[in-house]
Amino acid sequence: MRYLLVLALGLATSSVASAAERTLTVYTYDSFVSEWGPGPGIEAAFEARCGDCDLRFVALDGGVDILQRLRLEGEGSGADLVLGLDMNLMAEARQLGLLAPHRVDTAPLALPIDWNDDTFLPYDWGHFAFVYDSEQLEEPPGSFRELLEAPEEVQLILQDPRTSVTGQGLLLWIKHVYGDAALEVWAQLNERVLSVTNSWSQAYFSLFMNGEAPMVLSYATSPAYHMAVEETDRYQAAEFEEGHYLQVETAAMLADTPHPELARDFLTFMLTPDFQRHIPLGNVMNPAIELGDELPAVFDRLIDPESLTFTPEQVSENRRAWIREWLNASVR
Amino acid sequence: MAQRQRALSTPPRRPRWASLSRWPPSLGIAALTAVAGLGLGSLGALLWQARELHPAMLWQSPWLAAVLRFTLWQATLSTLLAVGLAVPVALALARRPRFPGRALLLRAMELSLVLPTLIGLFGLVAVHGRRGWAAPLWEWLLGSESGYLYGLSGIVLAHVFYNLPLSARLMLQALESAPAAHWRLAAQLGLTRRTLWRTLEWPRLAPLLPRLAALVFTLCFTSFAIVMTLGGGPRSSTLEVALYQALKFDHDLALAALLALTQLVICLSLWLLALSRGGAPSLVVGQVTLPLQGRWHRRDAVGASRLTDAVWLTALAALLLPPLLAVVAAGLTGLPDLPRSASLWPAAARSLVMALGAGLGALALAVALLTGSRWLAACGRRWAALLMEAGGQLILVIPALVLGTGLFLLLRPTLGSGWQGYALVVLVNAFMALPFAMQVVRGALPGLSAPEQRLAEQFGIRGRARLRWLVWPRLRRPLALALAYAMTLSLGDFSVIALFGSPSAPTLPMLLYQQLGGYRWQGAAATALLLMALVVLIFALLGWLTRRPPRYPFTRYPHEERHARVSRSDVSL
């Protein structure tokens, strides 16, 4: 309720141009700001820290929508910060020329890869992975090779790379592992695909939780939620020896924000435990810094695979071609 | 006689429609302007932003052509099955005005339309999936695993699940609005099933069918999540997927606008065709619509029809109830956590208020467009009338994504946060519910029959009095049903509200998607349960409020008697 009041107040004050409070508007995606997501806790912590400011989240559908909104708004965007662009959207977001360097010390970062981007600052990360139902599948495949050779009943639920971030993750993952042979691999993989859904929610809840197939494309961190909140070990992620494609979610500030110091304060705050402690179970992702004892114990039981990445530029240059390749392999 | 008539009706010899004021056309035009402005304006904004357009892309890309073919094929098949099978179901329901569970079945029919796709799909998968409730039965019958949920059969099944109940419900409404005297006469004459079909049932359904088919076709043509999830891969895809990719990932506004235009042209030309086919409204003008209540003995209700009706109604229940039950069962497991969710009740209240706004808006627009169209038709401007009615369907055929992006481009400098966003959502929802509202109200709007008209003229009943005593009584039940449909559609809508971002607190469907995004599956199912309960409540409340005709000073005569008296005096004129 307090959260609602704060928001209502924020709305009321932001409509008055000369509000006494400094309002920081952050574009993000909607599961981040939900009641049980990390948003409310982070907002309270940041507002307690800055004193006279008001943090206001504007929730959009997903990372792609944040980018889309920036594009449409151009100069004079209503946002001071954007939070939720993943690595694969960075190149396109950078090209808009609307973002400013963060100038935050990246020493606290604890990512599986080195990070030296001066515009985008990571706040969490995770690997794409196939989550399996251990009641249907006792021995999950240990690699793509094994997956392709697995018996027929090992069926998969995937997401479409044209409409979902996880779907795009798999596209990049397979491209990274197989390169030019990706077309063949997709053709082989498609033999065991039960469904390619439009969104992760659809795949995970309408199909996977209904027991329709033993494996679903998701995140390596998904089992953490089941183990910590639902207290079941039934759903686990399969670790592939070829490595897993990495997703890093980042935030960035806009160049024309009227509150550049406050925006930088927020980015600095992002790499502190006060922000990061809400990430593991709130966003079900790995925190971007070492949380020590504050990291829920279930995170020690997650898989720890090797990370695969393309540079943001490679992704932005090739995305269309790779999607076309996937489409050709799938429609064939 | 003629002299007397002239003396009574002043001024004399006015054309039929001119006796009404000028407001039908002007209101109709205002509504049409609003709809077209919103729909075409947003599309126009996209086109303007896109600068150059290459229509050749459509047929040069073999993939797009294949998508278009598949979309047309699945939509046609779904429509034929959904509407075709709805006819015997509606007839059976009309023939059996009372059997245990009838009310429940009707409520369930109203539910399926507004179930968010994600939840509807969950229910369908729980029943028809590879490990669903029906799987053992299937295995026992065929000896092999059931795989019919994935592929064209699954898509069609889901579309029939969503659209057959809607079609049957609207047909039932049309059947029940047949004048009571007709049913009495049919009972007295002991008409057989076939004669009844020819003389009473078909004339009621025929004017409804083309529009209904066009509506269902549009819904199936633009269906997105169902086709992708159950299609089993990108082989079965819809135009909307291509559009989504173009608009979101590739930021190719030109291609997006082109795809939207393609969809617009296909669906709107279908609408125009449907409207011109089913143009003539039913000539049988209803008495005050009464539920049949089984007051008249129907000869066709005995014998073999007992069996066939039982089969149809069981089939309907088998199609409809298990998936809904699956959702309810899932929701019940999440129910204990429900009161602890702080945002749930505010979200429910917010959703209800917005739904009421959107519902009333849709109703007002529907009445304005229909009276305007009727007026134009009466003046002999048939095409203008058709266009006005087709205009009401415009928002439904413009993809929500295009609408949202276009509106955003149009309104950007002023599109603030907070209540403006909500107001816009209410507005767009009202437009989206418009085709449904029009579908329901339309049959009830033809106005008065010629004899009644003459009588009213003779007694000088016009203006407010005519509206109050002659028009309103026969409009209130359809209006209530239309309001219920429009409200629940808006209640379950997620697509529009997601477009503008949620600056503050969520609505009920948004909450549901947030819960899913945060793995709270059971909470989401409980939210869906609450959503369904609200839908049932709205339909039940509005149905209860209009359950019987209002009391008039002369209600000491039974209604059918009154009709008979009118007819007799009619003859004497």
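Within segment B:128-142, restricting attention to residues that are within 14 Å of chain A (Cβ to nearest Cβ) and surrounded by fewer than 23 Cβ atoms within 10 Å (Cβ to Cβ), the residue that is farthest from A:Q202 (Cα to Cα) is B:P136. Taking the numbered list (1) in contact (Cβ under 8 Å) with a residue 60 or more places away in the chain; (2) more than 13 Å from chain B (Cβ to nearest Cβ) in turn, A:G179 passes all entries but (1). In segment B:102-160, counting only helices (runs of 4 or more DSSP H) that sit wholly within it, the ones holding 1 or more residues that are more than 25 Å from the chain's Cα centre (by Cα) and under 26 Å from B:T488 (Cα atoms) span B:117-128. Within segment B:512-528, residues that are at the interface with chain A (Cβ under 8 Å from one of its Cβ atoms) reach partners that are not in a helix (DSSP H, G or I) with beta carbons closer than 6 Å, at six or more positions or on different chains, in the pairs B:Q514/A:S34; B:G518/A:S34; B:G518/A:W36; B:G518/A:G37.
Residues in segment B:42-49 include none that are of a type in the set (S, T, N, Q), over 30 Å from B:L424 (Cβ atoms) and either exposed (fewer than 12 other Cβ atoms within 10 Å of the Cβ) or at pLDDT 80 or above (or both). Considering only residues that are surrounded by fewer than 23 Cβ atoms within 10 Å (Cβ to Cβ) and among the basic types (K, R), which ones fall in segment A:125-176? The answer is A:R145, and nothing else.
To keep it simple, each residue is scored yes or no on (1) surrounded by fewer than 17 Cβ atoms within 10 Å (Cβ to Cβ); (2) at pLDDT 90 or above; (3) assigned to a helix (DSSP H, G or I).
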{"position": "A:A44", "(1), (2), (3)": "yes, yes, yes"}
{"position": "A:D54", "(1), (2), (3)": "no, yes, no"}
{"position": "A:A59", "(1), (2), (3)": "no, no, no"}
{"position": "A:D65", "(1), (2), (3)": "no, no, yes"}
{"position": "A:L85", "(1), (2), (3)": "no, yes, no"}
{"position": "A:R103", "(1), (2), (3)": "yes, yes, no"}
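Is segment A:144-162 home to any residue that is polar (S, T, N, Q) and away from chain B (no Cβ under 14 Å)? Within segment A:144-162, none of the residues are polar (S, T, N, Q) and away from chain B (no Cβ under 14 Å). The residues listed here are B:L200, B:L215, B:L209, B:L189; of these, the one that is over 30 Å from A:R319 (Cα atoms), surrounded by fewer than 22 Cβ atoms within 10 Å (Cβ to Cβ) and within 23 Å of the chain's Cα centre (by Cα) is B:L209. Looking only at residues in segment B:199-227 that are outside any helix (DSSP H, G or I) and under 18 Å from B:L124 (Cβ atoms), the one that is modelled with the highest pLDDT is B:S223. A residue that is buried (at least 17 other Cβ atoms within 10 Å of the Cβ), touching a residue at least 40 places away in the same chain (Cβ under 8 Å) and charged (D, E, K, R) occurs somewhere in segment A:307-321. The single residue among B:E139, B:E145 that is within 30 Å of B:A326 (Cβ to Cβ), in contact with a helix residue (DSSP H, G or I) (Cβ under 7 Å, 6 or more places away or on another chain) and at pLDDT below 85 turns out to be B:E145.
In this structure, is A:I279 within 30 Å of A:P38 (Cβ to Cβ) and in contact (Cβ under 8 Å) with a residue 60 or more places away in the chain? Taking the combined requirement at face value, the residue satisfies it.
Could you check, for segment B:228-238, whether at least one of its residues is away from every other protein chain (no Cβ under 14 Å), assigned to a helix (DSSP H, G or I) and under 24 Å from the mean Cα position of the chain (by Cα)? Within segment B:228-238, not a single residue is away from every other protein chain (no Cβ under 14 Å), assigned to a helix (DSSP H, G or I) and under 24 Å from the mean Cα position of the chain (by Cα). If you go through segment A:124-164 and keep only what is in contact with an Asp or Glu (Cβ under 6 Å, 6 or more places away or on another chain) and either outside any loop (DSSP other than H, G, I, E, B) or closer than 19 Å to A:S201 by Cβ (or both), you end up with A:D124, A:F144. The condition of being of a type outside the set (D, E), crowded, with 24+ Cβ neighbours inside 10 Å, part of a strand (DSSP E or B) and touching a helix residue (DSSP H, G or I) at 6+ places or on another chain (Cβ under 8 Å) holds for only one of A:A213, A:A252, that being A:A252.
The values are calculated or read from the model by the stated rules, or taken from the named source; none is laboratory data. Computed from a prediction, not measured in an experiment: that's the story for all the values here. Note that we place each Cβ from the backbone using ideal geometry, even for glycine, and neighbour counts take in every protein chain shown.
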